[in-house]
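Accompanying notes for the structure given below.
The values are calculated or read from the model by the stated rules, or taken from the named source; none is laboratory data. No experiment lies behind these values; they were computed from the predicted model shown. Cβ atoms come from the backbone with ideal geometry, glycine included; neighbour counts cover every protein chain shown.
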Amino acid sequence: MTHMSEGERFASKAPPLNQAERDAINALFPAYIFRRSRTDEIWTTCCRKHMTMSSEDMMLVTPERNFPAVMWAPHQREQRNRWDDAPRPSVQCPLCGREVIVKELGRTGKQDNLSRYRRAVVLRWYRGALWARAYDCAKHYSRDRGYSLTDEPDCKLVGVYRFKPGLAEATTRCFWDYPFGPVVRQDGPLTKGRWNIHGPFYANAEYGAGYDVIGLDEIQKSPFRYCMAEEAEGRTDRFLQYLTACCFYPRQIEMLMKAGMGNVVIDLTDRGVKHAAVINWDEADPKKAFRLSRQDMKTFLGTNRDIRIVELYKQLKERIPLTECAEWISNGVNVKETFRMAKKWGLPPEKLMRYLMGFVGCAQYGGMSSMGSALRCWEDYLTAAEAMGYQLHHENVLLPKNLGAAHDEATAQHRERLERERRIEQERQTAQKLADQRERDLLMADTYAERKVKLEGKYSFELDGYLIRIPDSGEEILAEGRKLQHCVGGYARRHMEGKVTILFMRKVKKPDEPWLTIEMNGNRLVQIHGFRNEGMYTEKGRFAPDPREFYREFLDTWLDWLKKGSKRDEHGNPKLPRKKGAAA
């Protein structure tokens, strides 16, 4: 026999749904009354009836059978988007009394938007075991797809569970038309924090894995009747794991639930946490289970019964009264961090906790809202004090009387020191950057000296009272940009590195006075501008003529000379062609 057939055989032993269970599943869905006003017909989804109302029905007006209210109530529109309000029941069904939503058939279209889906786990005591059957349930109303307005929900079986004392069994499948998987068994108590039995709804986990439980009263017929399952069902979304735990720890779960410690049970079922350091799950007697004396147990039951109280009491080797442990827990002590810090600084944990407790709500010493915030304040103080060289081996320094004032003083000193170190480091980095920059500038100056000679040989030019010259340095280009108030300063480094070429056009009589700036790409003039780019980029427009046009004759002569190879005579002057009509 294969695993798959084993699962199918196990599922076939489960009891089928009876009519009461089907009605309970139907009650999970929104209740509608569909009406057709022109024929006085109504269809109810809550009690699944179809009737045509007579004139006598319309004259009958009682709280239980108010037919006119159904016929006169306005049609309730479904949500068109997530911002619309969902329809709410507005009248009572005149046949069963349930609150219902009224739908006029002439205004509901094909009813496709009324389809709803629910997940249900149905319990039944059957043949000496508690069975749980998991169903994917759907309800549709579209007649075009073959559905009736009064049909029962469509229930697809996706999981079967059987619970007995000492044994839990289950088989599930991802989708209702898949075969059932192998039977999974839990035949012993929880080990390694993990149950073998899991929930059934994992195929579409993005929609959640929760479900509704039907038939909780069936548990009263089972050995688990005292486990207070009704209360647990409202506190956990893993009710099947809860029933699994009841198979092995029924008396312990009963004890904890009745003692108001349901959170401990939920930790066991949902997270697999047994709190084994505190609770002996093999014992049903409270004193033996918690390993407490009668007086300590009475004291604990007089607190809010938080399991962390007993855990802290045990961690402190029962040196501290339970009442004090309860006070610390209620005031937000961070047990793990407090023990870590106490170990780090060689303090008894209870001494540190009492020290921190002294600052909770005490305004005189810079009161904190909880022991956790007091611990963080103390950690901040120690960080600053250690950095400042405080003598922390002295107890009065390690545990200052006024923690708030000591914290503020130490952190202020530490902050001032860090700021001073930051400034020193910043100054060091700035000095290093300047030294590196000077070294690069020196290297660049040596390289540029060679490049400048080549640029002068190619571009230097003088004619008719104007001249073209090469910048002496990057600083001269920056000065040019500041004087003429344009952007050539941004080209200085690139010019020095040989990535662009910047030239100056001057008047022969004023060779050092900024006038016009030229950018070249080989023999092509890229741009030429003077003061503020002649205003060409302003709203008012140009306030001076375009230099390229105004000095066209000079610039064209220079560019033509460049294209012909920048030829010079034996004195280094540009060799220009003779003008027409010039003397021989």
Filtering the stretch 62-102 for residues that are charged (D, E, K, R) and under 37 Å from the mean Cα position of the chain (by Cα) leaves a count of 7
Could you grab me the full set of residues in the stretch 133-154 that are under 36 Å from the mean Cα position of the chain (by Cα) and either at positive phi or among the hydrophobic types (A, V, I, L, M, F, W, C) (or both)?
A134, C137, A138
Answer with yes or no whether A69 is within 23 Å of T52 (Cβ to Cβ) and not in a strand (DSSP E or B).
yes
Within the stretch 539-560, residues more than 13 Å from D464 (Cβ to Cβ) and assigned to a helix (DSSP H, G or I) come out as P547, R548, E549, F550, L559, D560
(1) in a loop (DSSP other than H, G, I, E, B); (2) at pLDDT 85 or above all hold for G106 apart from (1)
For the stretch 235-242, indicate whether the set of residues that are assigned to a loop (DSSP other than H, G, I, E, B) and not basic (K, R) is non-empty.
yes
Of everything in the stretch 397-431, what is more than 36 Å from the chain's Cα centre (by Cα) and among the polar types (S, T, N, Q)? Give them in sequence order.
N402, Q413, Q426, Q429, T430
Name, by its number, the condition in (1) β-branched (V, I, T); (2) buried (at least 16 other Cβ atoms within 10 Å of the Cβ); (3) in contact (Cβ under 8 Å) with a residue 40 or more places away in the chain that does not hold for I528.
(3)
Can you tell which of I214, I253, I219 is at pLDDT 90 or above, closer than 22 Å to F175 by Cβ, buried (at least 18 other Cβ atoms within 10 Å of the Cβ) and not basic (K, R)?
I214
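Residue-wise test of (1) at pLDDT 90 or above; (2) assigned by TED's automatic domain parsing to the domain that holds P223; (3) in contact with a helix residue (DSSP H, G or I) (Cβ under 9 Å, 6 or more places away or on another chain).
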site	(1), (2), (3)
R82	no, yes, no
Q92	no, yes, yes
V102	yes, yes, yes
A120	yes, yes, yes
R127	yes, yes, no
L130	yes, yes, yes
Scan the stretch 219-226 and tell me whether some residue there is assigned to a loop (DSSP other than H, G, I, E, B) and outside the structural domain of K192 (by TED's automatic domain parsing).
no
The stretch 470-487, subset free of Cβ contacts under 8 Å to residues at least 40 places away in the same chain and outside any helix (DSSP H, G or I), residue nearest to G457 (Cα to Cα)
I470
Pair list, Cβ under 7 Å, 6 or more apart: the stretch 510-524 residue surrounded by 15 or more Cβ atoms within 10 Å (Cβ to Cβ), other residue among the small types (G, A, S):
W515/G530; L516/G530
Would you say M371 is within 25 Å of A405 (Cβ to Cβ), buried (at least 20 other Cβ atoms within 10 Å of the Cβ) and not β-branched (V, I, T)?
yes
Looking at the structure I just gave you, is L455 surrounded by 13 or more Cβ atoms within 10 Å (Cβ to Cβ) and either assigned to a helix (DSSP H, G or I) or not hydrophobic (A, V, I, L, M, F, W, C) (or both)?
yes
Pairs, first in the same structural domain as V335 (by TED's automatic domain parsing) in the stretch 376-390, second hydroxyl-bearing (S, T, Y), C-beta under 6 Å, six or more apart:
A384/T411
Just give me the residues in the stretch 133-150 being surrounded by fewer than 19 Cβ atoms within 10 Å (Cβ to Cβ) and under 30 Å from F10 (Cβ atoms), in sequence order.
A138
Scan the stretch 42-76 for residues that are surrounded by 13 or more Cβ atoms within 10 Å (Cβ to Cβ), among the charged types (D, E, K, R) and modelled with pLDDT under 90 and report the count.
2
Could you please let me know if K458 is under 14 Å from T501 (Cβ atoms) and touching a residue at least 12 places away in the same chain (Cβ under 8 Å)?
yes
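Quick check on my filter: what residues within the stretch 313-329 are part of a helix (DSSP H, G or I), in contact with a helix residue (DSSP H, G or I) (Cβ under 9 Å, 6 or more places away or on another chain) and not acidic (D, E)?
Residues of the stretch 313-329 that are part of a helix (DSSP H, G or I), as a first pass: 313-315, 322-329.
Filter again for in contact with a helix residue (DSSP H, G or I) (Cβ under 9 Å, 6 or more places away or on another chain), leaving 313, 315, 322-329.
Selection gives Y313, Q315, L322, T323, C325, A326, W328, I329.
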If I filter the stretch 162-202 down to residues being at pLDDT below 90 and among the hydroxyl-bearing types (S, T, Y), which single residue comes out as nearest to D237 (Cα to Cα)?
Y202
